[in-house]
Amino acid sequence: MIYSMTGYGKSVLQLPTKKVTIELKSLNSKSLDLSARMPSIYREKELSVRKLLADSLERGKIDFSIYVEATAEDTSTQINVPVVKQYIAQLKQVVDGDAIELLKMAVRFPDALNTVREEIDENEWQLIAAEIDNAIDDLNSHRLDEGKVLEQEFIKRVNIIGNLLDQVIAMDPARIEGVRERLLKGVEELKEKYDENRFEQELVYYIEKFDVTEEKVRLKNHLNYFMESIHSKDSNGKKLGFISQEMGREINTIGSKSNYAPMQQLVVQMKDELEKIKEQLLNVL
């Protein structure tokens, strides 16, 4: 099962005096890169929220936000009445003016408004914490949906590489025979007598250097292992990345040993498909 690192989760909680919106956005990253934005009243809960997100989301560039919108008369800012009255009295000593105009001026002065620090309501926070869990579930649902698309892409590319490998295996006897014929023709063109037994020994040694049997077997094993890992219970993009690196090594070795244009063309196609796999693996959790 594959999970993508990209996704979006949202949950909304309607309280008697406010609406709380929780949003989670995730992009690909080599490790966990977590950014949290929340109102100051909930700041004391940030560490526990970060731990929850790290345990639940594992990896990715995560943006977490809590937005609070007041929906009723609920304010933490109050007029400092004695200070405002004192400002108005002082202003009257300077200028005679309308009381409303003087009030407008007075409330702009320092300390005219008091902001009372709100204390977190634990019952309210329990409701918000439950909505955070819902947002995480929503994000993971998006990740799973994206992962299913990636899974189909990987299966398609791996099958193409497997088909190309079958063509390599099918043409390998013709390649070896071609090498033998080229060597024999080269020796005959020398018009010199040669020891046929010694020639056969040297030919076997030379052909062994170009033998790709082990590489073909290992590449097929890596393809099978990749497919098994895709369908395993846990999503592990790093593991799939390591397997793809091993696949690349075997493909490169086949290409360097082949010394045969038709086979090298197949190798180029395999490399192209593998690069597409590696590019998409950057998005796998």
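The values are calculated or read from the model by the stated rules, or taken from the named source; none is laboratory data. Please read all numbers here as calculations on a predicted model, not as lab measurements. A quick note on method: Cβ atoms are made from the backbone with ideal geometry, for glycine too, and the neighbour counts reach across all protein chains shown.
A few comments on the model shown:
- Any chance Leu144 is surrounded by 13 or more Cβ atoms within 10 Å (Cβ to Cβ) and more than 20 Å from the chain's Cα centre (by Cα): no
- Lone qualifier among Asn283, Asn252 - being out of contact with any helix residue (DSSP H, G or I) (no Cβ under 6 Å at 6 or more places or on another chain), closer than 21 Å to Val217 by Cβ and surrounded by 14 or more Cβ atoms within 10 Å (Cβ to Cβ): Asn252
- Under the condition of being among the charged types (D, E, K, R) and at pLDDT 95 or above, the residues counted in region 11-32 number 2.
- Candidates in region 105-140 are the residues that are among the small types (Gly, Ala, Ser) and farther than 29 Å from Tyr8 by Cβ; of these, the one that is modelled with the highest pLDDT is Ala106.
- So Ala54, is it over 23 Å from the mean Cα position of the chain (by Cα) and outside the structural domain of Gly241 (by TED's automatic domain parsing): no
- Looking at Ile120, Ile128, Ile136, Ile132, just one residue is in contact with an Asp or Glu (Cβ under 9 Å, 6 or more places away or on another chain), within 30 Å of Asp55 (Cα to Cα) and touching a residue at least 60 places away in the same chain (Cβ under 8 Å), and that residue is Ile120.
- So Ile243, is it hydrophobic (A, V, I, L, M, F, W, C) and under 23 Å from Thr6 (Cβ atoms): yes
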